[in-house]
Amino acid sequence: MKTMKKMLILLLSVMISPSMVGADAVEKTYYFEEGQVIDFLFLTRRPNSEEALKSYAQAAISVARALDYKSLSAFSIKRRPIQGNYYPDVLVFGGWPGNFADRTDALAQLLETVPDLNARRLDVWSTFDMTNYHLTEDKSFSVSYDKMQVLTAYWQKDAMLFNAFKQEFLKKTKDAGGVVKIELTDGRSPFGYDYNPEYTVITEWDNQAAFDAFLVENLAMDHSGVKHVNQFYLTPPEPKS
């Protein structure tokens, strides 16, 4: 019961109303270890879903933990998206041991125990989109609470043009003073949870003016190799006191 209570508190704190950052905070570090599959979950909470969340936690979270699932923190998405047509509440990170095949097996085992898993999720979240990334090396990055973080996700239309677009995007980011925190490719989405851009990158900026200057350049780029984009401002969670 203590484990369940801790998990429920984590879910409520991350997914109901992420707090403002504490005054003494300097930075937040995210750790993604080699040898696991990382879930990127874009979630949008349904109103008046507290009881449904409790029920979901009781039914599914203990099973997931028994399969060695680990919650790996989150970002909230409080501001209107910069590009794209999607406005989730939060980006949550979770980790599962092994490779893509192991992740598929874990989902199958979870569904055996909780066959109405998807229905329970839809009682809590109006959107539940997922990308899985298999890590073959450790990845970690730190973000500063006094700076801005932006996630950009691109879908590919033409491979050659898209690769040139990515290189130009990174050059313009560097030239404008942005810092790339993490890049991810080769993602996969389970059936029913499709959200699978070919390229995801989180960048950090000193201030709004610096990012706005970059955005003018970004929007003027040749997008002929790009199929779609989502771009969000991210807010790290309040640090533990």
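The values are calculated or read from the model by the stated rules, or taken from the named source; none is laboratory data. This one's a predicted model, so the numbers in the text were calculated from it and none came from an experiment. Positions of Cβ are generated from backbone atoms using ideal geometry, with glycine treated the same way; all protein chains shown enter the neighbour counts. We work out accessible area using only protein heavy atoms, side chains counted, and drop any ligands, DNA or RNA first. Shrake-Rupley method; radii C 1.70, N 1.55, O 1.52, S 1.80 Å.
Numerical summary
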quantity	calculated
Positions within the stretch 215-232 being in a loop (DSSP other than H, G, I, E, B) and either in contact (Cβ under 8 Å) with a residue 12 or more places away in the chain or open to solvent by less than 20 Å² (accessible area, probe 1.4 Å) (or both), in sequence order	221, 222, 223, 224, 225
Any hit, the stretch 75-83, residues being more than 30 Å from residue 211 (Cα to Cα) and at pLDDT 95 or above	no
Top-ranked residue of the stretch 47-62 - restricted to ones that are open to solvent by 40 Å² or more (accessible area, probe 1.4 Å) and polar (S, T, N, Q), ranked as nearest to residue 31 (Cα to Cα)	62
Check on residue 65, within 16 Å of residue 38 (Cα to Cα), open to solvent by 80 Å² or more (accessible area, probe 1.4 Å) and touching a residue at least 60 places away in the same chain (Cβ under 8 Å)	yes
Residue in the stretch 160-179 that is hydrophobic (A, V, I, L, M, F, W, C), under 14 Å from residue 75 (Cβ atoms) and either in a helix (DSSP H, G or I) or open to solvent by less than 60 Å² (accessible area, probe 1.4 Å) (or both) present	no
Sole residue being among the polar types (S, T, N, Q) and open to solvent by less than 30 Å² (accessible area, probe 1.4 Å), chosen from 127, 136, 152	152
Test result for residue 143, without any contact (Cβ under 8 Å) to a residue 40 or more places away in the chain, β-branched (Val, Ile, Thr), in a strand (DSSP E or B) and over 30 Å from residue 48 (Cβ atoms)	no
Residue, nearest to residue 132 (Cα to Cα), within the stretch 190-214, restricted to residues that are in contact (Cβ under 8 Å) with a residue 60 or more places away in the chain and open to solvent by 30 Å² or more (accessible area, probe 1.4 Å)	196
